[in-house]
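Following: one structure in structure tokens, then a few remarks.
The values are calculated or read from the model by the stated rules, or taken from the named source; none is laboratory data. From a predicted model like this one, the values you see are computed outputs, not experimental measurements. Positions of Cβ are backbone-derived with ideal geometry, glycine not excepted, and every protein chain shown enters the neighbour counts. Just the protein is used for accessible areas: all its heavy atoms, side chains included, with ligands, DNA and RNA removed. Shrake-Rupley method; radii C 1.70, N 1.55, O 1.52, S 1.80 Å.
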Amino acid sequence: MSIYTEAQAKAILDKVIKLSKADECTATLDGSVAGNIRYARNSVSTSGIVSNCELAVRVAFGKRVGTATINEFDDAALAKVVKRAEDLARLAPDNPEFIAAIGKQDYKPTPTFDAATAAITPEYRAQVAADSITPSKAGKLVAAGFFSDSVRFSAVANSKGNFGYQQATNVDFTCTVRTEDARGSGWVARNVSDVDQFSAKSDIQTAIAKAQKSVDAKALEPGKYTVVLEPAASAGMLTYMMQGFDARSADEGRSFLTKKGGGNRLGEKVFDEKVTLFADPLHPGAAVLPWDEDGLVRERMPIITNGKVDSLQYSRYWAQLKKAKAIGQPGNLIMVGGTKSTMDLVKSTKKGILVTRTWYIRSVDPQTVLLTGLTRDGTFYIENGEIKYPIKNFRWNESPVIMLNNVDEFGKPERVGDDESPFVMLIPPMKIREFTFTSLSDAV
């Protein structure tokens, strides 16, 4: 069993805390049951359920810290993992950036759990695959996709009396549809916590339409273009940009938010005034656990307001050093947008390019957040508010900081899941001026 009740989790963590002879002890217990189904070439290839639970114990003698993990929870196993952590702590050198365990926190429950999602069956997963494969076959197309669902719990406790417990659910779906001759490709992705907000039968039509419309792509000269970026096209770029909001990186001169001559750019207008970004663990549709990895309470945090940098992210050590308040690191990112759809933004574009998604993003210059990557799975030329024809994919070189200074308009935010992002994200489609494409790519 990998999903423990609050009482069961607390009983295990209480035993761990009691067993420890260290100056302080922090323990976390995380478990999940995750189901999945994968299909390719219009056939299911794998499916299964993964059940796992793990206990992590962190102890400290003075400034010497040791951590150990285990996935068995009888009394002997708990005694063994505590002893292992304490043995490692006694061998460790003093940590010059050691910060003592947090005190008791007041966690307010957030709406991260959905009963229908937790009850997903193998039959449901099979139907998702069928709903993707059947219309693809009918259109003489080839589908490849992955659907996963999970229910998990997280519990935290320490020797200073802190304790928290919460369950969460998640659904993630991606599907690529290609023409039989591989000259056209479309893609769709959905990420939700409530499975009732998801329909493979409906969503697959997006990938099918893009695959059919992307055949016979024309080459367009690289250069600077107005672009309409679907939410998935900008999510990875924004994840890279958020690394620069670390206060220590900015103060030490390693971030685009480093101030010339020293310090950081907190309070300065760095982006277009249309840009407002915040974190809120309670936000509908993007709720996250009410604590971060250190167990600190997450709060609603304004990050950018009308283009001005409102807050930086302080580790507990850096907050103590700089005499700043340490609050929980954000678990989500919500960008304020408008009411228009992606196609509404297309209709208002005289000449431009519609980008379905960006892929294989890599950093070129961390201090300016200059990134490079490729477009993929549906790139189209826009003229007089209409999609005129498909175009070959591009390699692009662009900084999200510059991009967010060239905003024409934002659409309605959508939830985006990104495997490389630590955030749940609500991101709008964006109409951006002067986006830089540097070369062509033959990949579809």
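Restricting the search to the stretch 108-144, which residues are assigned to a loop (DSSP other than H, G, I, E, B) and open to solvent by 40 Å² or more (accessible area, probe 1.4 Å)? Across the stretch 108-144, the qualifying residues are 108, 109, 111, 113, 119, 121, 140.
I'd like to know if the stretch 375-383 contains one or more residues that are under 22 Å from residue 272 (Cα atoms) and open to solvent by less than 20 Å² (accessible area, probe 1.4 Å). Within the stretch 375-383 (the criterion being under 22 Å from residue 272 (Cα atoms) and open to solvent by less than 20 Å² (accessible area, probe 1.4 Å)), the answer is no, since none of the residues qualifies.
Yes/no matrix, rows are residues, columns are (1) without any contact (Cβ under 8 Å) to a residue 12 or more places away in the chain; (2) of a type in the set (Ser, Thr, Tyr); (3) in a strand (DSSP E or B); (4) open to solvent by less than 50 Å² (accessible area, probe 1.4 Å):
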| position | (1), (2), (3), (4) |
| --- | --- |
| 323 | yes, no, no, no |
| 340 | no, no, no, no |
| 352 | no, no, yes, yes |
| 355 | no, no, yes, yes |
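If you scan the stretch 382-399, which residues turn out to be in a strand (DSSP E or B) and out of contact with any helix residue (DSSP H, G or I) (no Cβ under 8 Å at 6 or more places or on another chain)? Result: 383, 388, 389, 391, 393, 394, 395, 396, 397. Could you tell me which of the residues 32, 51, 2, 45 is under 30 Å from residue 125 (Cα atoms), open to solvent by less than 40 Å² (accessible area, probe 1.4 Å) and part of a strand (DSSP E or B)? Sole residue among the options that is under 30 Å from residue 125 (Cα atoms), open to solvent by less than 40 Å² (accessible area, probe 1.4 Å) and part of a strand (DSSP E or B): 32.
Only one of 172, 194 is in contact with a strand residue (DSSP E or B) (Cβ under 9 Å, 6 or more places away or on another chain), within 30 Å of residue 12 (Cα to Cα) and among the acidic types (Asp, Glu). Can you tell me which? Being in contact with a strand residue (DSSP E or B) (Cβ under 9 Å, 6 or more places away or on another chain), within 30 Å of residue 12 (Cα to Cα) and among the acidic types (Asp, Glu) holds for just one of 172, 194, which is 194. Among the residues of the stretch 77-84, none qualifies, meaning not one is open to solvent by 80 Å² or more (accessible area, probe 1.4 Å) and under 30 Å from residue 178 (Cα atoms). So in the stretch 186-207, with the set limited to residues that are in a helix (DSSP H, G or I) and open to solvent by less than 30 Å² (accessible area, probe 1.4 Å), which one is farthest from residue 358 (Cα to Cα)? Restricting to residues being in a helix (DSSP H, G or I) and open to solvent by less than 30 Å² (accessible area, probe 1.4 Å), the top hit is 195. For residue 312, the conditions (1) open to solvent by 20 Å² or more (accessible area, probe 1.4 Å); (2) closer than 26 Å to residue 252 by Cβ; (3) within 22 Å of the chain's Cα centre (by Cα) all hold with the exception of (1). Figure legend. Inter-residue proximity from the stretch 63-77: first residues closer than 18 Å to residue 101 by Cα, second residues part of a loop (DSSP other than H, G, I, E, B) and of a type in the set (A, V, I, L, M, F, W, C), beta-carbon distance below 8 Å, spacing 6+ or different chains. Indicated pairs: 63/98; 64/92; 65/92; 65/98; 66/92.
In the set (1) polar (S, T, N, Q); (2) outside any strand (DSSP E or B); (3) surrounded by 16 or more Cβ atoms within 10 Å (Cβ to Cβ), the condition left unmet by residue 368 is number (3). The residues of the stretch 413-444 that are farther than 22 Å from residue 285 by Cβ, open to solvent by 30 Å² or more (accessible area, probe 1.4 Å), in a strand (DSSP E or B) and of a type in the set (D, E, K, R), listed by number, are 433, 434. Summed over the stretch 54-72, the residues that are crowded, with 19+ Cβ neighbours inside 10 Å and among the hydrophobic types (A, V, I, L, M, F, W, C) give a count of 6. Residue check: is residue 164 at pLDDT 95 or above, touching a Lys or Arg at 6+ places or on another chain (Cβ under 6 Å), not in a loop (DSSP other than H, G, I, E, B) and not aromatic (Phe, Trp, Tyr)? Judged against the criteria, residue 164 is not a match.
Taking the stretch 208-237 as the range and being of a type in the set (Lys, Arg) and in a helix (DSSP H, G or I) as the test, the residues that pass are 210, 213.
Within the stretch 400-412, residues that are surrounded by fewer than 22 Cβ atoms within 10 Å (Cβ to Cβ) and in a loop (DSSP other than H, G, I, E, B) sit with their Cβ atoms under 7 Å from residues that are modelled with pLDDT of 95 or more and among the small types (Gly, Ala, Ser), at 6+ positions apart or across chains, in these pairs: 412/337; 412/338; 412/341.
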